[in-house]
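**Student:** Pasting in a structure now, in C-alpha cells, and then I'll have a few things to ask.
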Amino acid sequence: MATFVCVHGAFQGGWVWKNTAQALSALGHQIFTPTLSGCGHHRQTMSRDLGLQTYCGNLAAFLQLEDLTDVILVGHSYSGIVCVEAMADIRSRLAGLVFVDAIIPVPGRSFADLGGEPFAAMLESRLVDGWLIAPWPAAMFGVEGAPDEEWFMSRVAPFPKAAFTDKTTPGEMLLPLKRHHIRCLQNPNPMLAAMAKRAEDLGFSMHAIASNHCPQITAPVELARMLATIAESVVAPA
C-alpha cells in the first residue's frame, strides 16, 4: 500500500480528486487530498494575503500534522510550483513525486514569468477587484464536453493573482530522487508541453495519459491505475 497526497491546481480544491481517490482506495492505497487556503471548502478564508508561500506552508503543515511519511506527492498544474517551492520543508517526508501536467518552476521566477506576455495579458483580462483571477473557461481546464463539466465548473472559484506572480526562491532547485511526470496527450497548451520537456531534461520518468488537462475529471480511473503502477516503482528498493 502506498500513501498519496494529491494537491489540486489553481481555482480548485481537494474535491477535484474525488473520483481518482476512490479508485486509488479501491486498489488498496491511502489517499489524502488537502485543500489550500481560500480554495474549496476554505473559500471563506480567501484574502489579499494569500500567495505562493501561504500554499507552501499549507502543504508542509498538512504533512506534519497528519504525521505523514513515505508519501508519494502528486501535483497537478499550478501546484507543481507549490510542491517544488515547499521541498526544503517536505522532502524528508517523501518517497517520490508525481507531476500531472504540472508546472515545474524555474528558481527566482514566477508562474507568470514562465507564461510570458500572453499569460500576463490573460491574467489582467480576468482580474477581479484588483487581486483575484476569475477561473479559466472549461476548455482551458480541459473539461469542456466532459460528463462532469457542470459539476467541475460549479465548484471552481477565483484564485489570488499573487499566487501566479510571486517569485520562487532563487538558487538550486530541490527534487526527490524518484520523480515522475504524466503528460496529458490531449492538452494542446504549449506551456505544458514545454514543461514535459523540462521534466524529461530534469530526469523525471516520463508517462502519458490519453486525456486533456484534468484527467482526475475526464479519466479518473485511468489516472488512478497509472499512479498505482508508478507507486510500485517508487516503493520498490532502489
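The values are calculated or read from the model by the stated rules, or taken from the named source; none is laboratory data. Here the structure is a predicted model, which is why all the values come from computation and not from measurement. Positions of Cβ are generated from backbone atoms using ideal geometry, with glycine treated the same way; all protein chains shown enter the neighbour counts. Please note that ligands, DNA and RNA were not included when accessible areas were found on the heavy atoms of the full protein model with its side chains. Shrake-Rupley method; radii C 1.70, N 1.55, O 1.52, S 1.80 Å.
**Student:** Please verify whether residue 208 is within 20 Å of residue 96 (Cβ to Cβ), of a type outside the set (D, E, K, R) and either assigned to a helix (DSSP H, G or I) or open to solvent by less than 10 Å² (accessible area, probe 1.4 Å) (or both), treating the condition exactly as stated.
**Tutor:** No: the conditions fail for residue 208.
Here is a yes/no grid of residues against (1) closer than 23 Å to residue 192 by Cα; (2) open to solvent by less than 50 Å² (accessible area, probe 1.4 Å):
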site: 26; (1), (2): no, no
site: 42; (1), (2): no, no
site: 58; (1), (2): no, yes
site: 79; (1), (2): yes, yes
site: 90; (1), (2): no, yes
site: 104; (1), (2): yes, yes
site: 109; (1), (2): yes, no
site: 118; (1), (2): yes, no
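**Student:** Continuing with the same structure: Among 234, 221, which is in a helix (DSSP H, G or I), among the hydrophobic types (A, V, I, L, M, F, W, C), at pLDDT below 95 and on the phi < 0 side of the Ramachandran plot?
**Tutor:** On the way: 221 fails: at pLDDT below 95.
Exactly one residue qualifies, and that residue is 234.
**Student:** Restricting to segment 222-238, give me the number of residues that are within 18 Å of the chain's Cα centre (by Cα), open to solvent by 20 Å² or more (accessible area, probe 1.4 Å) and not charged (D, E, K, R).
**Tutor:** Qualifying residue count, segment 222-238: 1.
**Student:** Keeping to segment 156-174, report how many residues are of a type in the set (D, E, K, R), part of a loop (DSSP other than H, G, I, E, B) and either in contact with a strand residue (DSSP E or B) (Cβ under 6 Å, 6 or more places away or on another chain) or crowded, with 16+ Cβ neighbours inside 10 Å (or both).
**Tutor:** 2
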